[in-house]
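**Q** One structure is given below, represented as structure tokens, and several questions about it will come after.
Each reported figure results from applying straightforward, stated rules to the coordinates on display, with no laboratory input. Values in this document were obtained by computation on a predicted structure and should not be read as measured data. All Cβ positions, even for glycine, are placed from backbone atoms using ideal geometry, and neighbour counts span all protein chains on display.
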Amino acid sequence: MGGDSFSSGTFNDPKHVVSGPGLERTIYSSSIGAAAGIFYGGCAAAWFPDPVESASKFGGASGRTTFRAIGQTVLRPAMWFSLAAGAFTATECAMEAARNETKDAWNSLAAGMVGGAVVGLTNGRPQVVAATAIATGIFMVALDLSGDKTVYDEKALDYKRMGVLPEAHKESAALSALKSQFPQHKNL
């Protein structure tokens, strides 16, 4: 795998870094946000206990799920997720361009605040917009400052995820003593 700007490297590599022009990165993150929103909307529509209905012009049958209502239930979160992801990435790219390609926590703060404001707009209240903008900005700064390593011992995590046992198993002294004490279980 590799070669294009969206490749994450090897197959088991969990670190996914998208590089390239700002517009390309914004479109990519918006599409990932839309996919996540479609998944969320699909789950919300599937587990909603009542029929998913929308207001119709001509009355229609009440209590029945319509294709239009399913579309609204699925596409509304897709729009908001896509807008939030796109606003975050566009702001981060604009900050990088305005600051001579400097990638630091200030970019994450501004982008997190814009993305958080978009998330807060789903409620419509200015207090909620401001609170989510500030909280998301601070959270993104914390993530940026802590780095991409989320575990203390990354080598142990790599061994846990992709390591294999040695071909020849070596018994401990305690296990050998137990097998000599209980010969009927020596082949376990």
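**Q** Once R0 is set to 25 Å, what does the formula 1/(1 + (r/R0)^6) return for the Cβ-Cβ distance between LEU75 and ALA130, expressed as a FRET efficiency to the nearest 0.05?
**A** Efficiency at R0 = 25 Å is approximately 0.35.
**Q** Then there's this: Suppose every Lys and Arg Cβ carries +1 and every Asp and Glu Cβ carries -1, with no other charges. What dipole size does region 90-168 come out with about its Cα centre, to the nearest 20 debye?
**A** 320
**Q** How would you rank 114-126, 150-162, 19-31, 77-89, highest first, on the average number of other Cβ atoms within 10 Å across their residues?
**A** The peptides rank, most packed first, as 77-89, 114-126, 19-31, 150-162.
**Q** Still on this structure, please answer the following. Out of ALA133, LEU145, PRO77, whose Cα points farthest toward the positive end of the dipole of region 73-175 (charges: +1 Lys, Arg; -1 Asp, Glu; placed on Cβ)?
**A** PRO77
**Q** Students often check this: by mean Cβ neighbours within 10 Å, which of 92-100, 134-142 ranks highest, and how do the rest follow?
**A** Highest mean packing first, the order is 134-142, 92-100.
**Q** Explain nothing, just compute: Karplus ³J(HN,Hα) = 6.51 cos²θ - 1.76 cosθ + 1.60, θ = phi - 60°, for every residue of region 98-111 in order, whole Hz, x for Gly and Pro.
**A** Per-residue couplings from phi come out as 6, 10, 6, 6, 7, 10, 8, 5, 5, 4, 5, 5, 5, 5 Hz.
**Q** Further, regarding this structure: If each of CYS43 and ALA97 carries a label point 7 Å out from its Cα toward its Cβ, how far apart are those two points in nm?
**A** Going from the CYS43 label point to the ALA97 one covers 3.4 nm.
**Q** Can you work out the Karplus-derived ³J(HN,Hα) for every residue in region 82-97? Use 6.51 cos²θ - 1.76 cosθ + 1.60 with θ = phi - 60°, whole Hz, and x for glycine or proline.
**A** 5, 5, 5, 5, x, 5, 4, 5, 5, 5, 5, 5, 5, 5, 4, 5
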